[in-house]
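Heads up, the thing below is written out as structure tokens.
Since every read-out is calculated from the coordinates, none of them should be taken as a lab result. Everything numeric in this text was worked out from a predicted model, so none of it was measured. For neighbour counting, all protein chains shown are included, and Cβ atoms are generated from backbone atoms with ideal geometry for every residue, glycine included.
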């Protein structure tokens, strides 16, 4: 089996899941990116990391990008002799911005690009399909919302069927301006998940269903509905005690008419703004009044999703 000597470079976006009421189903790709350069080597595993998480992520076979690459190579029936990766991370880790989804998608995409077209005994190998990449990503991540948005870009709705996970990609409003508010300390996703009850009242489930439908309309055609559409009854109220500063900032922003939500499992806050009505400066002023720990980052929606860079 002949492996390519040239490296491949993959870029993947941060993502914000849930967006309020769309629990474990809605995702939005954001303009913060991790970039992974991967190459086949004669033996062993070599991992270099710079940027977010450089001091805390695992190395060697424990690194999530490597684990994802191994999963993709296994699906294509052939592990390479060795792997080298160099990761440059912009996506904050432990803040609800899909850092694990980004690593998984980057690894799958890199392995797919390296393996596609390699010479085997049966002839040139074929690349994994988009649906196969999504299936593998969901198996590694455990839920589809972040990986779907990371792969497809833009606004995504993911749902489960008997045949597997399906994804619908929608075009968000032109000019939609996500504003990210980052606290000083991260929060483990498992901690946020433990705060959720096993059951919720039927009335809350019905209200959340209506808000999710309203949010899709708001994000695609009716910006005047963003505040109402981002109201959540399923997870944010239960997680508030685990992240009181996050809950406080969201309350302040929403009181000012700004559609603010917990980003994924938190503790970051995402404000979904239309700049003419709610400039990023207003979000920054409210965050500053809430406390000195908040870092405010005006972003855009990443419309492309995960991609193999040329060259």
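Residues of the stretch 128-148 with backbone nitrogen within less than 13 Å of a virtual label 7 Å along the Cα-to-Cβ line of residue 163, please, listed as ranges.
Output list for this probe position: 131-132.
Just subtract the alpha-carbon distance of residue 200 and residue 67 from 0.36 nm times their residue separation and send over the number in nm, one decimal.
The span from residue 200 to residue 67 would gain 44.3 nm if fully extended.
Rank by packing, highest mean first: peptides 93-104, 252-263, 178-189, 40-51, with packing defined as the count of other Cβ atoms within 10 Å averaged across residues.
93-104, 252-263, 178-189, 40-51
Between residue 2 and residue 304, what is the label-to-label distance in nm when each label sits 7 Å out along the Cα-to-Cβ direction?
3.0
Rounded to the nearest 10 degrees, what's the angle between the helix 64-75 long axis and the longest principal axis of the chain, both from Cα atoms, 0 to 90?
It is inclined by approximately 60 degrees.
Helix-only mean residue ellipticity at 222 nm, the chain, DSSP H runs n ≥ 4 weighted -39,500 (n - 2.57), per residue, nearest 500. What is it?
After summing the helix terms and dividing by residue count, I get -10000 deg cm²/dmol.
Subtracting the Cα-Cα distance from 0.36 nm times the residue separation, let me have the gained length for residue 276 to residue 48 in nm, one decimal.
Contour length minus the Cα-Cα distance gives 77.9 nm.
What does a probe at residue 143 reach in the stretch 3-35, counting residues whose amide N is under 15 Å from the point 7 Å along Cα→Cβ?
So the set is 15-28.
Among 231-238, 204-211, 149-156, what's the highest-first ranking by average C-beta atoms within 10 angstrom per residue?
Final packing ranking: 149-156, 231-238, 204-211.
So for the chain, averaging the separation of alpha carbon pairs under 8 Å that are six or more residues apart and normalising by length, what relative contact order in percent results?
Relative contact order, the chain: 25 percent.
With springs only between Cα atoms under 10 Å apart, run a GNM on the chain and tell me which of 75, 287, 247 wobbles the most.
Fluctuation is largest for 75.
If I model a spin label as a point 7 Å beyond the Cα along the Cα-Cβ vector, how far apart are those points for residue 59 and residue 228 in nm?
Going by the 7 Å Cα→Cβ label model, 5.6 nm.
Give me the extension gain from residue 116 to residue 245: residue separation times 0.36 nm, minus the current Cα-Cα distance, reported in nm with one decimal.
My answer for the length gained is 41.8 nm.
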